[in-house]
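Beneath this line is the structure, given in C-alpha coordinates, with notes to follow.
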Amino acid sequence: MPLTPRAHTLRRPLSAAGIILAIAVLALTGAGPAPGRAHAAQSCPVVSGYVYVDANDNGLFDAGETPIGGSSIALRDSTGATVATTLTSSSGYYQFNNDTSVRPPEESVTHSLSFPQTTTDWSMTRSAPRFDPAMGTLTGVDVTNSAAITSGIKAESLDGEASTLSATVSGMVALTIPGADTVTTAPVVEAGSFDAAAYDGIADFSGPSGHDFGSHTASGAATTGVSGPALSQYVGTGTVEFLGVATATSHTTGGGNVLNKINTVASAQVILTYRYLPVVCLKAGSYKIVQTEQPPGYADGRETAGNTTPLPNTKGSDSISITISGGDLPNNNFGELPASISGYVYVDLSNDGIKDAAEPPIAGVTIALSGEDATGSPVNRTTTTSSSGYYLFDGLLAGDYEIVETQPAGYLGRTPSARRAAASRTTTSSRLTSDRACTA
(Lines give C-alpha, C1' and ligand atoms only; values in the text may rest on other atoms or scores of the structure.)
Protein backbone atom coordinates (compact mmCIF):
# COMPACT_ATOMS: atom_id res chain seq x y z
CA MET A 1 0.00 0.00 0.00
CA PRO A 2 1.26 3.54 -0.58
CA LEU A 3 3.08 5.31 2.22
CA THR A 4 1.72 8.56 3.66
CA PRO A 5 3.67 11.35 5.39
CA ARG A 6 4.35 10.74 9.03
CA ALA A 7 6.25 12.48 11.83
CA HIS A 8 8.09 11.34 14.90
CA THR A 9 9.87 13.15 17.74
CA LEU A 10 13.20 12.14 19.25
CA ARG A 11 14.74 13.82 22.31
CA ARG A 12 18.40 13.10 23.12
CA PRO A 13 21.19 14.73 25.09
CA LEU A 14 23.82 16.75 23.17
CA SER A 15 26.90 16.58 25.35
CA ALA A 16 28.10 20.15 25.96
CA ALA A 17 26.02 21.64 23.15
CA GLY A 18 22.66 21.04 24.74
CA ILE A 19 19.52 19.12 23.78
CA ILE A 20 18.30 18.17 20.29
CA LEU A 21 14.67 17.57 19.38
CA ALA A 22 14.60 15.96 15.89
CA ILE A 23 11.45 15.48 13.85
CA ALA A 24 11.74 13.71 10.47
CA VAL A 25 8.88 14.04 7.99
CA LEU A 26 8.57 11.41 5.26
CA ALA A 27 8.10 12.52 1.67
CA LEU A 28 8.08 9.57 -0.73
CA THR A 29 7.73 9.83 -4.48
CA GLY A 30 7.63 7.16 -7.18
CA ALA A 31 10.62 4.82 -7.49
CA GLY A 32 12.35 2.96 -10.29
CA PRO A 33 15.04 3.47 -12.91
CA ALA A 34 14.53 6.21 -15.44
CA PRO A 35 14.85 5.22 -19.07
CA GLY A 36 18.25 5.74 -20.67
CA ARG A 37 19.09 6.96 -24.14
CA ALA A 38 18.09 4.16 -26.53
CA HIS A 39 20.72 2.60 -28.76
CA ALA A 40 19.61 -0.27 -30.97
CA ALA A 41 21.99 -3.14 -31.66
CA GLN A 42 22.99 -3.38 -35.29
CA SER A 43 21.65 -6.23 -37.38
CA CYS A 44 24.77 -7.51 -39.15
CA PRO A 45 24.93 -10.38 -41.64
CA VAL A 46 26.15 -13.54 -39.93
CA VAL A 47 28.59 -15.97 -41.54
CA SER A 48 28.61 -19.28 -39.71
CA GLY A 49 29.23 -22.99 -39.92
CA TYR A 50 30.56 -26.10 -38.22
CA VAL A 51 33.67 -28.24 -38.02
CA TYR A 52 32.80 -31.92 -37.67
CA VAL A 53 33.87 -35.52 -38.24
CA ASP A 54 32.44 -36.62 -41.60
CA ALA A 55 32.08 -40.24 -40.59
CA ASN A 56 30.49 -41.37 -43.88
CA ASP A 57 32.68 -39.08 -46.03
CA ASN A 58 29.72 -37.62 -47.91
CA GLY A 59 30.73 -34.00 -47.38
CA LEU A 60 27.60 -33.20 -45.35
CA PHE A 61 27.14 -32.60 -41.62
CA ASP A 62 24.63 -35.37 -40.88
CA ALA A 63 22.72 -36.01 -37.68
CA GLY A 64 24.80 -37.99 -35.20
CA GLU A 65 28.16 -36.92 -36.60
CA THR A 66 30.63 -35.61 -34.04
CA PRO A 67 31.42 -31.88 -33.83
CA ILE A 68 34.99 -30.70 -33.27
CA GLY A 69 35.59 -27.89 -30.80
CA GLY A 70 38.60 -25.60 -30.56
CA SER A 71 39.28 -25.46 -34.30
CA SER A 72 40.82 -22.18 -35.47
CA ILE A 73 38.80 -20.37 -38.17
CA ALA A 74 39.66 -17.06 -39.89
CA LEU A 75 37.70 -14.79 -42.21
CA ARG A 76 39.78 -13.05 -44.89
CA ASP A 77 38.75 -10.37 -47.35
CA SER A 78 39.48 -10.23 -51.07
CA THR A 79 42.98 -8.86 -50.40
CA GLY A 80 43.82 -11.75 -48.11
CA ALA A 81 43.72 -9.57 -44.99
CA THR A 82 42.23 -11.21 -41.90
CA VAL A 83 39.13 -9.37 -40.70
CA ALA A 84 38.16 -11.74 -37.87
CA THR A 85 39.24 -14.95 -36.14
CA THR A 86 37.50 -17.36 -33.79
CA LEU A 87 37.52 -20.88 -32.37
CA THR A 88 34.71 -23.39 -32.76
CA SER A 89 32.60 -24.07 -29.69
CA SER A 90 32.10 -27.47 -28.09
CA SER A 91 29.27 -27.98 -30.61
CA GLY A 92 31.72 -27.32 -33.47
CA TYR A 93 30.01 -24.00 -34.25
CA TYR A 94 31.66 -20.76 -35.33
CA GLN A 95 30.33 -17.44 -36.58
CA PHE A 96 31.46 -14.04 -37.81
CA ASN A 97 29.21 -10.98 -37.76
CA ASN A 98 31.61 -8.07 -37.49
CA ASP A 99 34.94 -6.81 -38.77
CA THR A 100 37.30 -6.87 -35.78
CA SER A 101 40.16 -5.35 -37.80
CA VAL A 102 38.46 -1.92 -37.70
CA ARG A 103 38.49 0.14 -34.49
CA PRO A 104 35.49 2.51 -34.52
CA PRO A 105 35.16 5.64 -32.33
CA GLU A 106 33.93 4.95 -28.81
CA GLU A 107 30.24 5.55 -28.14
CA SER A 108 28.13 5.56 -24.99
CA VAL A 109 24.66 4.78 -23.71
CA THR A 110 23.25 6.04 -20.40
CA HIS A 111 20.65 4.92 -17.87
CA SER A 112 19.18 6.99 -15.04
CA LEU A 113 18.41 5.50 -11.62
CA SER A 114 16.20 7.53 -9.29
CA PHE A 115 16.36 7.26 -5.49
CA PRO A 116 13.36 9.48 -4.69
CA GLN A 117 13.22 12.01 -1.88
CA THR A 118 12.61 9.97 1.25
CA THR A 119 12.93 10.53 4.98
CA THR A 120 16.34 9.71 6.38
CA ASP A 121 17.83 7.40 7.26
CA TRP A 122 17.01 5.03 4.41
CA SER A 123 18.40 2.31 2.17
CA MET A 124 16.98 1.13 -1.13
CA THR A 125 18.01 -0.77 -4.23
CA ARG A 126 17.67 0.22 -7.86
CA SER A 127 18.51 -1.76 -11.00
CA ALA A 128 19.67 -0.97 -14.52
CA PRO A 129 19.75 -3.16 -17.64
CA ARG A 130 23.06 -4.81 -18.45
CA PHE A 131 24.95 -3.84 -21.59
CA ASP A 132 23.79 -5.68 -24.72
CA PRO A 133 26.91 -7.29 -26.28
CA ALA A 134 25.21 -7.19 -29.68
CA MET A 135 25.91 -3.45 -29.62
CA GLY A 136 29.67 -3.92 -29.42
CA THR A 137 32.46 -4.34 -26.86
CA LEU A 138 32.05 -2.71 -23.44
CA THR A 139 35.20 -0.73 -22.58
CA GLY A 140 34.19 1.08 -19.38
CA VAL A 141 31.40 2.02 -17.00
CA ASP A 142 31.04 5.44 -15.34
CA VAL A 143 28.70 5.98 -12.38
CA THR A 144 27.80 9.47 -11.12
CA ASN A 145 25.98 9.78 -7.81
CA SER A 146 24.21 13.16 -7.45
CA ALA A 147 22.69 13.52 -3.99
CA ALA A 148 20.60 16.15 -2.19
CA ILE A 149 19.98 16.50 1.55
CA THR A 150 17.12 18.85 2.48
CA SER A 151 16.46 19.87 6.09
CA GLY A 152 13.96 22.22 7.69
CA ILE A 153 15.60 23.42 10.93
CA LYS A 154 14.22 25.25 13.95
CA ALA A 155 16.15 25.96 17.15
CA GLU A 156 15.45 27.33 20.64
CA SER A 157 18.19 28.39 23.03
CA LEU A 158 17.49 27.10 26.54
CA ASP A 159 20.40 29.07 27.97
CA GLY A 160 19.97 31.67 30.65
CA GLU A 161 22.30 33.97 28.75
CA ALA A 162 22.43 35.27 25.19
CA SER A 163 24.12 33.01 22.65
CA THR A 164 24.53 32.50 18.92
CA LEU A 165 22.62 29.65 17.27
CA SER A 166 23.91 28.08 14.02
CA ALA A 167 22.30 25.52 11.72
CA THR A 168 24.00 23.18 9.25
CA VAL A 169 22.42 20.90 6.64
CA SER A 170 24.56 17.81 6.01
CA GLY A 171 24.45 14.08 5.35
CA MET A 172 25.68 11.46 2.95
CA VAL A 173 24.36 9.10 0.29
CA ALA A 174 26.59 6.07 -0.26
CA LEU A 175 26.12 4.03 -3.43
CA THR A 176 27.42 0.47 -3.58
CA ILE A 177 28.65 -0.25 -7.11
CA PRO A 178 29.33 -3.80 -8.39
CA GLY A 179 32.99 -4.18 -9.34
CA ALA A 180 34.07 -0.84 -7.83
CA ASP A 181 34.46 0.98 -4.52
CA THR A 182 31.43 2.54 -2.88
CA VAL A 183 30.99 6.12 -4.08
CA THR A 184 29.81 8.49 -1.36
CA THR A 185 28.38 11.97 -1.82
CA ALA A 186 28.48 14.06 1.39
CA PRO A 187 27.05 17.54 0.75
CA VAL A 188 27.14 20.28 3.40
CA VAL A 189 25.57 23.74 3.48
CA GLU A 190 25.32 26.31 6.28
CA ALA A 191 21.69 27.22 6.95
CA GLY A 192 22.54 30.44 8.83
CA SER A 193 23.00 31.83 12.33
CA PHE A 194 20.86 33.70 14.90
CA ASP A 195 21.79 35.83 17.92
CA ALA A 196 19.46 34.46 20.55
CA ALA A 197 18.58 36.20 23.81
CA ALA A 198 18.29 34.35 27.10
CA TYR A 199 15.60 31.66 27.09
CA ASP A 200 12.20 33.35 27.17
CA GLY A 201 10.52 30.39 28.83
CA ILE A 202 8.50 29.30 25.78
CA ALA A 203 9.87 26.51 23.48
CA ASP A 204 8.14 27.77 20.37
CA PHE A 205 11.23 28.22 18.12
CA SER A 206 10.41 31.92 17.84
CA GLY A 207 10.64 35.07 19.87
CA PRO A 208 13.93 36.43 21.22
CA SER A 209 15.37 32.98 22.10
CA GLY A 210 14.17 30.88 19.14
CA HIS A 211 14.52 30.92 15.38
CA ASP A 212 13.18 29.15 12.29
CA PHE A 213 16.07 28.73 9.84
CA GLY A 214 13.70 27.50 7.12
CA SER A 215 14.38 24.73 4.62
CA HIS A 216 17.80 24.44 2.99
CA THR A 217 19.31 21.90 0.60
CA ALA A 218 22.87 20.64 0.43
CA SER A 219 23.77 18.94 -2.84
CA GLY A 220 26.82 17.38 -4.43
CA ALA A 221 28.01 14.71 -6.83
CA ALA A 222 30.73 12.08 -7.02
CA THR A 223 31.81 9.85 -9.89
CA THR A 224 33.64 6.54 -10.09
CA GLY A 225 34.42 4.06 -12.86
CA VAL A 226 34.53 0.34 -13.53
CA SER A 227 37.09 -1.26 -15.83
CA GLY A 228 38.93 -4.50 -16.54
CA PRO A 229 37.56 -7.92 -15.55
CA ALA A 230 34.84 -6.32 -13.40
CA LEU A 231 33.07 -5.21 -16.60
CA SER A 232 31.80 -8.76 -17.10
CA GLN A 233 29.20 -8.11 -14.38
CA TYR A 234 27.62 -5.47 -16.60
CA VAL A 235 27.37 -7.45 -19.85
CA GLY A 236 24.53 -9.74 -20.95
CA THR A 237 20.86 -10.04 -20.13
CA GLY A 238 19.04 -9.10 -16.94
CA THR A 239 19.94 -6.25 -14.62
CA VAL A 240 22.72 -5.04 -12.35
CA GLU A 241 21.82 -3.88 -8.83
CA PHE A 242 22.87 -0.70 -7.00
CA LEU A 243 22.34 -0.16 -3.24
CA GLY A 244 21.88 3.37 -1.96
CA VAL A 245 22.12 4.26 1.75
CA ALA A 246 21.29 7.77 3.01
CA THR A 247 22.28 9.12 6.40
CA ALA A 248 21.39 12.61 7.70
CA THR A 249 23.74 14.59 9.97
CA SER A 250 22.04 18.03 9.92
CA HIS A 251 22.47 19.78 13.26
CA THR A 252 22.41 22.98 15.31
CA THR A 253 24.96 24.46 17.70
CA GLY A 254 24.78 27.11 20.39
CA GLY A 255 26.50 28.41 23.52
CA GLY A 256 24.71 25.96 25.80
CA ASN A 257 21.63 23.78 25.69
CA VAL A 258 19.72 23.94 22.41
CA LEU A 259 16.35 22.44 21.59
CA ASN A 260 15.89 21.84 17.88
CA LYS A 261 13.42 20.48 15.44
CA ILE A 262 14.87 19.04 12.21
CA ASN A 263 12.90 17.60 9.29
CA THR A 264 15.23 15.84 6.80
CA VAL A 265 14.74 14.08 3.50
CA ALA A 266 17.36 12.83 1.03
CA SER A 267 17.33 11.87 -2.62
CA ALA A 268 19.82 10.76 -5.28
CA GLN A 269 19.94 10.63 -9.04
CA VAL A 270 22.45 8.13 -10.45
CA ILE A 271 23.66 8.26 -14.05
CA LEU A 272 25.08 4.99 -15.36
CA THR A 273 27.12 5.37 -18.56
CA TYR A 274 28.25 2.42 -20.66
CA ARG A 275 31.23 3.26 -22.91
CA TYR A 276 31.73 0.83 -25.77
CA LEU A 277 33.21 0.20 -29.19
CA PRO A 278 30.28 -0.38 -31.55
CA VAL A 279 30.05 -3.37 -33.84
CA VAL A 280 31.38 -2.85 -37.36
CA CYS A 281 29.33 -5.07 -39.66
CA LEU A 282 30.98 -7.10 -42.39
CA LYS A 283 30.86 -5.15 -45.62
CA ALA A 284 29.42 -6.61 -48.80
CA GLY A 285 32.03 -8.32 -50.91
CA SER A 286 34.07 -11.46 -51.46
CA TYR A 287 35.65 -13.34 -48.57
CA LYS A 288 37.29 -16.65 -47.74
CA ILE A 289 36.61 -18.68 -44.63
CA VAL A 290 39.86 -20.47 -43.76
CA GLN A 291 40.50 -23.28 -41.33
CA THR A 292 43.97 -22.14 -40.33
CA GLU A 293 45.03 -25.36 -38.58
CA GLN A 294 43.98 -28.93 -39.24
CA PRO A 295 42.43 -30.50 -36.10
CA PRO A 296 45.06 -32.90 -34.75
CA GLY A 297 44.44 -36.55 -35.55
CA TYR A 298 42.10 -36.02 -38.50
CA ALA A 299 42.50 -36.15 -42.26
CA ASP A 300 41.09 -33.23 -44.24
CA GLY A 301 37.64 -33.87 -45.65
CA ARG A 302 35.36 -31.85 -47.88
CA GLU A 303 33.89 -28.40 -47.35
CA THR A 304 30.27 -27.39 -47.90
CA ALA A 305 28.54 -24.04 -48.36
CA GLY A 306 24.94 -24.56 -47.23
CA ASN A 307 25.30 -28.26 -46.25
CA THR A 308 23.51 -29.43 -49.41
CA THR A 309 26.18 -30.20 -51.98
CA PRO A 310 29.90 -30.59 -51.15
CA LEU A 311 32.15 -28.06 -52.85
CA PRO A 312 34.29 -29.65 -55.58
CA ASN A 313 38.02 -30.25 -55.06
CA THR A 314 38.07 -28.99 -51.48
CA LYS A 315 39.93 -31.86 -49.84
CA GLY A 316 43.19 -30.33 -48.72
CA SER A 317 42.10 -26.74 -49.37
CA ASP A 318 40.64 -25.88 -45.95
CA SER A 319 38.89 -22.79 -47.36
CA ILE A 320 35.41 -21.75 -48.47
CA SER A 321 34.81 -18.79 -50.79
CA ILE A 322 31.72 -16.70 -50.02
CA THR A 323 30.10 -13.46 -51.14
CA ILE A 324 28.33 -11.25 -48.58
CA SER A 325 25.47 -9.25 -50.03
CA GLY A 326 23.31 -8.52 -47.00
CA GLY A 327 21.84 -11.80 -45.78
CA ASP A 328 23.14 -14.49 -43.43
CA LEU A 329 25.36 -17.28 -44.77
CA PRO A 330 24.98 -20.37 -42.55
CA ASN A 331 26.39 -23.91 -42.77
CA ASN A 332 29.80 -23.17 -44.20
CA ASN A 333 31.07 -26.47 -42.88
CA PHE A 334 34.47 -28.14 -42.69
CA GLY A 335 34.39 -31.94 -42.72
CA GLU A 336 37.22 -33.95 -41.19
CA LEU A 337 38.01 -37.63 -41.74
CA PRO A 338 39.28 -40.21 -39.32
CA ALA A 339 42.28 -42.11 -40.76
CA SER A 340 42.14 -45.80 -41.70
CA ILE A 341 44.54 -48.60 -42.57
CA SER A 342 43.45 -51.48 -44.80
CA GLY A 343 44.81 -54.21 -47.00
CA TYR A 344 44.59 -57.80 -48.27
CA VAL A 345 46.08 -61.18 -47.49
CA TYR A 346 46.42 -63.33 -50.63
CA VAL A 347 48.39 -66.11 -52.28
CA ASP A 348 51.17 -64.59 -54.35
CA LEU A 349 51.26 -67.21 -57.12
CA SER A 350 53.60 -65.13 -59.26
CA ASN A 351 55.88 -64.46 -56.29
CA ASP A 352 56.30 -60.82 -57.30
CA GLY A 353 54.71 -59.06 -54.29
CA ILE A 354 51.91 -57.62 -56.44
CA LYS A 355 48.28 -58.63 -55.96
CA ASP A 356 47.09 -59.80 -59.35
CA ALA A 357 43.43 -60.20 -60.21
CA ALA A 358 43.60 -64.00 -60.43
CA GLU A 359 45.49 -64.57 -57.19
CA PRO A 360 43.25 -66.07 -54.49
CA PRO A 361 42.53 -64.35 -51.18
CA ILE A 362 43.15 -65.90 -47.76
CA ALA A 363 40.27 -65.50 -45.34
CA GLY A 364 40.30 -65.70 -41.53
CA VAL A 365 43.84 -64.41 -41.06
CA THR A 366 44.40 -62.50 -37.82
CA ILE A 367 45.84 -59.01 -38.29
CA ALA A 368 46.99 -56.93 -35.30
CA LEU A 369 47.48 -53.17 -35.20
CA SER A 370 49.49 -51.44 -32.47
CA GLY A 371 51.11 -48.06 -31.99
CA GLU A 372 50.44 -44.55 -30.76
CA ASP A 373 48.04 -41.93 -32.15
CA ALA A 374 48.61 -38.20 -32.51
CA THR A 375 47.36 -37.52 -28.98
CA GLY A 376 49.93 -39.90 -27.49
CA SER A 377 47.36 -42.55 -26.63
CA PRO A 378 48.29 -46.20 -27.21
CA VAL A 379 46.31 -48.15 -29.82
CA ASN A 380 45.95 -51.95 -29.87
CA ARG A 381 43.37 -53.56 -32.17
CA THR A 382 42.92 -56.86 -34.01
CA THR A 383 40.75 -58.06 -36.87
CA THR A 384 40.49 -60.96 -39.30
CA THR A 385 40.44 -60.93 -43.06
CA SER A 386 37.13 -61.34 -44.87
CA SER A 387 36.32 -63.93 -47.53
CA SER A 388 37.99 -61.57 -50.01
CA GLY A 389 41.12 -61.44 -47.85
CA TYR A 390 40.38 -57.83 -46.94
CA TYR A 391 40.98 -56.21 -43.53
CA LEU A 392 40.27 -52.71 -42.28
CA PHE A 393 41.14 -50.60 -39.23
CA ASP A 394 39.04 -47.45 -39.45
CA GLY A 395 38.24 -44.56 -37.14
CA LEU A 396 41.93 -44.02 -36.42
CA LEU A 397 43.59 -40.77 -35.54
CA ALA A 398 46.81 -39.91 -37.28
CA GLY A 399 49.80 -41.64 -35.72
CA ASP A 400 52.50 -44.30 -36.11
CA TYR A 401 51.35 -47.93 -36.15
CA GLU A 402 52.65 -51.45 -36.72
CA ILE A 403 50.66 -54.15 -38.55
CA VAL A 404 51.39 -57.79 -37.62
CA GLU A 405 50.02 -60.78 -39.52
CA THR A 406 49.57 -64.15 -37.84
CA GLN A 407 51.05 -66.46 -40.49
CA PRO A 408 48.24 -68.61 -41.98
CA ALA A 409 48.81 -72.38 -41.74
CA GLY A 410 50.19 -73.98 -44.90
CA TYR A 411 51.73 -70.78 -46.26
CA LEU A 412 55.09 -69.10 -46.18
CA GLY A 413 55.39 -65.35 -45.85
CA ARG A 414 56.24 -63.69 -49.15
CA THR A 415 56.59 -60.28 -47.51
CA PRO A 416 57.42 -59.43 -43.88
CA SER A 417 54.48 -60.22 -41.59
CA ALA A 418 55.20 -57.14 -39.43
CA ARG A 419 55.38 -53.73 -41.05
CA ARG A 420 55.13 -50.06 -40.09
CA ALA A 421 52.18 -47.93 -41.22
CA ALA A 422 51.81 -44.19 -40.75
CA ALA A 423 48.22 -42.96 -40.78
CA SER A 424 48.61 -39.35 -41.78
CA ARG A 425 46.06 -36.51 -41.72
CA THR A 426 45.76 -36.46 -45.51
CA THR A 427 45.86 -40.10 -46.65
CA THR A 428 44.35 -43.47 -45.94
CA SER A 429 46.91 -46.25 -45.84
CA SER A 430 46.56 -49.64 -47.56
CA ARG A 431 48.85 -52.56 -46.86
CA LEU A 432 49.07 -55.88 -48.78
CA THR A 433 50.32 -59.11 -47.25
CA SER A 434 51.17 -61.89 -49.68
CA ASP A 435 51.92 -65.52 -48.90
CA ARG A 436 53.23 -68.46 -50.86
CA ALA A 437 51.89 -71.99 -50.59
CA CYS A 438 54.21 -74.43 -48.79
CA THR A 439 55.89 -77.13 -50.99
CA ALA A 440 57.29 -80.45 -49.90
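Here are the numbers for this structure:
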{"quantity": "One residue from 211, 216 being surrounded by 14 or more Cβ atoms within 10 Å (Cβ to Cβ), assigned to a strand (DSSP E or B) and more than 57 Å from the chain's Cα centre (by Cα)", "calculated": "211"}
{"quantity": "Subset of the range 334-361 (residues that are modelled with pLDDT under 95 and either β-branched (Val, Ile, Thr) or under 22 Å from residue 66 (Cβ atoms) (or both))", "calculated": "336, 337, 338, 339, 340, 341, 342, 345, 347, 354"}
{"quantity": "Positions within the range 52-76 being part of a strand (DSSP E or B) and either over 27 Å from the mean Cα position of the chain (by Cα) or exposed (fewer than 14 other Cβ atoms within 10 Å of the Cβ) (or both), in sequence order", "calculated": "53"}
{"quantity": "Close pairs (6 angstrom Cβ cut-off, 6 or more residues apart or separate chains): in a loop (DSSP other than H, G, I, E, B) in the range 122-135, modelled with pLDDT of 95 or more and small (Gly, Ala, Ser) anywhere", "calculated": "130/236; 130/238"}
{"quantity": "Which listed residue is crowded, with 22+ Cβ neighbours inside 10 Å, in contact with a His (Cβ under 8 Å, 6 or more places away or on another chain), at pLDDT 95 or above and among the aliphatic types (A, V, I, L, M), from 153, 149", "calculated": "153"}
{"quantity": "Members of the range 169-192 that are among the hydroxyl-bearing types (Ser, Thr, Tyr) and within 15 Å of residue 151 (Cα to Cα)", "calculated": "170"}
{"quantity": "Residues (surrounded by 13 or more Cβ atoms within 10 Å (Cβ to Cβ) and assigned to a loop (DSSP other than H, G, I, E, B)) located in the range 351-387", "calculated": "355, 359, 362, 363, 365, 374, 385, 386"}
{"quantity": "The range 151-183 - residue that is of a type in the set (D, E, K, R) and within 22 Å of residue 248 (Cβ to Cβ) and, of those, nearest to the chain's Cα centre (by Cα)", "calculated": "154"}
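Table: residues versus (1) of a type in the set (S, T, N, Q); (2) assigned by TED's automatic domain parsing to the domain that holds residue 373; (3) crowded, with 20+ Cβ neighbours inside 10 Å.
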| residue | (1), (2), (3) |
| --- | --- |
| 265 | no, no, yes |
| 274 | no, no, yes |
| 289 | no, no, yes |
| 294 | yes, no, no |
| 308 | yes, no, no |
| 313 | yes, no, no |
| 322 | no, no, no |
| 327 | no, no, no |
| 346 | no, yes, yes |
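The values are calculated or read from the model by the stated rules, or taken from the named source; none is laboratory data. Here the structure is a predicted model, which is why all the values come from computation and not from measurement. All Cβ positions, even for glycine, are placed from backbone atoms using ideal geometry, and neighbour counts span all protein chains on display.
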